[in-house]
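Peer 1: Below you'll find the structure I mean.
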Amino acid sequence: MKRYRIEARWSLAVATTKEETRPVRSTIAFGLTLMLALALAACSSGGASPTPSASTAPPATGAAVTIVDFAFQPADLTVKVGDTVAWTNTGNAPHTVKWDDGTPASDRLTEGGAPYERTFDAPGTFTYVCGIHGSMKGSITVTE
C-alpha cells in the first residue's frame, strides 16, 4: 500500500513528490468548481421575488421615472389607464418606491439593477415616496 505524505503549510496542502500532486490538484479543482458554482447561484437567485405588479420587462408605453441622486425625475407624471411606468435608479444610493395607497413597495433599486414597474388599471392620482429617503416624493396621475 502506497503512502502519501502531505505537509500542511499556511493552511494549504503541499505535495512533496510528483505522485502526491494528483490528490492535491483534484482537491483544489473541486474546491474552485464548488466556489464558482456557489458564486453563480448567488448571482442568479436575485433575492426576494418581485411583487405581483412588478416586472423586469420594459414598459409597453415607454413611461419612465429615473431616480437621479435623491430625486424622482419627473417627480409628477401623467399616463393613461392601462399604462405601465418603470422606475430605474441611476445614482449610487439605493432607493425604493413606497406607495401611499397601500400597494406593496418595490424591492430595493440599485444603480444598474432591474427596474421596478407598476401598471395602472384605474384613473386617479397615485402618490409615492422613497421608503429609504422620505423627502423624495412623486406622483402618477392616471387619466382615461
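Peer 1: Kindly provide the set of residues from segment 106-125 that are in contact with a Lys or Arg (Cβ under 9 Å, 6 or more places away or on another chain) and closer than 18 Å to Ala71 by Cβ, ordered by number.
Peer 2: Ser106
Peer 1: Output the residue which, of all residues in segment 106-119 that are at pLDDT 95 or above and in a loop (DSSP other than H, G, I, E, B), is surrounded by the fewest Cβ atoms within 10 Å (Cβ to Cβ).
Peer 2: Arg108
Here's the yes/no breakdown for (1) assigned by TED's automatic domain parsing to the domain that holds Gly124; (2) at pLDDT below 95; (3) closer than 13 Å to Met136 by Cβ:
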| position | (1), (2), (3) |
| --- | --- |
| Pro52 | no, yes, no |
| Ser55 | no, yes, no |
| Pro58 | no, yes, no |
| Val68 | yes, yes, yes |
| Phe72 | yes, no, yes |
| Ala75 | yes, no, yes |
| Thr78 | yes, no, no |
| Val85 | yes, no, no |
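The values are calculated or read from the model by the stated rules, or taken from the named source; none is laboratory data. Quantities reported herein were computed from a predicted structural model and do not represent experimental measurements. Heads up, the Cβs are rebuilt from the backbone with ideal geometry, glycines too, and the neighbour counts pull from every protein chain shown.
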